[in-house]
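Heads up: the structure comes next, in structure tokens.
The values are calculated or read from the model by the stated rules, or taken from the named source; none is laboratory data. Given the structure is predicted, the values throughout are model-derived calculations rather than measurements. Here Cβ is always computed from backbone atoms with ideal geometry, including for glycine, and neighbour counts include all displayed protein chains. Ligands, DNA and RNA are excluded from the accessible area calculation, which covers all protein heavy atoms including side chains. Shrake-Rupley method; radii C 1.70, N 1.55, O 1.52, S 1.80 Å.
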Amino acid sequence: MTTTNPPPLQPPSQENKERWSYQWKELHDEVILTGLCTGCAGCVIACPHDVIGYTHKPGAYVPFHLEEALGPDDCIHGQKGCTSCTRACPRFRMWEPEADDHLFGRQRLPEEISGIYSDILLARASDDYVYEKGQDGGLVSAILIWCLENDIIDGALTSGVDQLPDGEPGWKASPMVATTREEVLQGAGSRYTYSANPLAYKKARERKLNRLALVGMSCQTSIAPVMWHRKVGKVGRAIKLNIGLLCSKTFDDSLYDELFKIKYGLDSENIAKTNIKGVFQIWTKDGDYHEVNLKECHDWTREGCLTCPDFAAEHADISTGGIGKLTDWTLTVVRTELGKAVIDAMTDEGVIKTRPGSDDPGAIALMHKLSVVSRRRWPEWAESSVAVGAPKRKT
């Protein structure tokens, strides 16, 4: 009697791996109809067939299917195997752990409620003009200008403002590509309305720009690592630097006309600067200053923000925000090796000034507190990993 040894165990072949087969129908049913969609436009720029539309106006900011004859959830390309839209979506299925694994090689721990990071600093631009033109110290503008001038990027996906009939800048934000110092400063400042900055990718592609920085809300800065992890294609690879803005919510554009203008007589064409520090602060071009209680603004909160769990832009290379008592410094969360390299080089060259984050412990505590608030928004029926570490609401 002879015996035969069993063959050695082999690692599972690529053919045995579960194939990613999720297409527009799953995205429409699981993300858009359920309210998880933030309007980031990742699916729009990733679609190779240009059949996903997007309306950048009040009451919209949600992708939709352009092939009307097939219905809102039926994509003929998806039926044939195209999965680009679900691969690009930073709210579809296991988006958070996948982005964590791509960026950091691990998933965040329960105590890392504001995401994974290596350092927290306070930073501001050294250039007085950039400092004055920017928001809370002008750090983001300084980063983009330095990266452009040092040929690290050849363009930035950011937001600009419309032009008024008299040639002065208006207040309505829209996606734009910045390739010069002047264009960066044109879009400087915060407006607290939504601009789907990834939409500017198509303009960048037309100009043959392929080394891009993305400046965006937390939902937008999760796009690139999710795309990379799910191998969506060349779209994600073009985003070389990810700058995230700390964000608890954004408002519909109609806030300016329906509340500020009608109730307070503040014409958007006369607004020079806004900020949120416990209240909605408004400076006008004639030198006046006004405050509006944030509770009055809640009715204009974008629907896409109501379930967003990410206050701290956890998947950016550098996350920034003007919170805390030192209002002329930007709270700066350094997350990746690339983010650290950029901040260190700019500090060494004197382009930015930095201080330890511990100089404003209240700002760090507030970031963690607001991160908890945002995590609690995430629905219990959705992917459970996103809510890890967030204490349940008291009943």
Selection count where residues are buried (at least 21 other Cβ atoms within 10 Å of the Cβ) and not small (Gly, Ala, Ser), scope the stretch 221-244
12
Given the conditions (1) surrounded by fewer than 18 Cβ atoms within 10 Å (Cβ to Cβ); (2) in a strand (DSSP E or B), every one holds for residue 350 apart from (2)
Give the stretch 104-126 a look and list any residue that's surrounded by fewer than 20 Cβ atoms within 10 Å (Cβ to Cβ), among the charged types (D, E, K, R) and touching a strand residue (DSSP E or B) at 6+ places or on another chain (Cβ under 9 Å), or say none.
119
Those residues of the stretch 136-160 which are open to solvent by 30 Å² or more (accessible area, probe 1.4 Å) and not in a helix (DSSP H, G or I), in sequence order:
150, 151, 152, 154
I'd like to know if the stretch 241-263 contains one or more residues that are hydrophobic (A, V, I, L, M, F, W, C) and touching a Pro at 6+ places or on another chain (Cβ under 8 Å).
no
Kindly indicate which of 325, 240, 285 is within 24 Å of residue 130 (Cβ to Cβ), touching a residue at least 60 places away in the same chain (Cβ under 8 Å) and among the charged types (D, E, K, R).
240
Could you say which residue among 115, 42, 59, 35 is modelled with pLDDT under 95, within 18 Å of the chain's Cα centre (by Cα), within 29 Å of residue 315 (Cα to Cα) and among the small types (Gly, Ala, Ser)?
35
When the stretch 117-137 is examined, which residues are found to be closer than 19 Å to residue 276 by Cβ, of a type outside the set (A, V, I, L, M, F, W, C) and touching a residue at least 60 places away in the same chain (Cβ under 8 Å)?
124, 135, 136, 137
Picked from the stretch 364-382 (must be more than 22 Å from residue 124 (Cα to Cα) and of a type in the set (Val, Ile, Thr)), the residue most open to solvent (accessible area, probe 1.4 Å) is 373
One residue from 361, 356 being surrounded by fewer than 16 Cβ atoms within 10 Å (Cβ to Cβ) and in contact with a Leu (Cβ under 8 Å, 6 or more places away or on another chain)
356
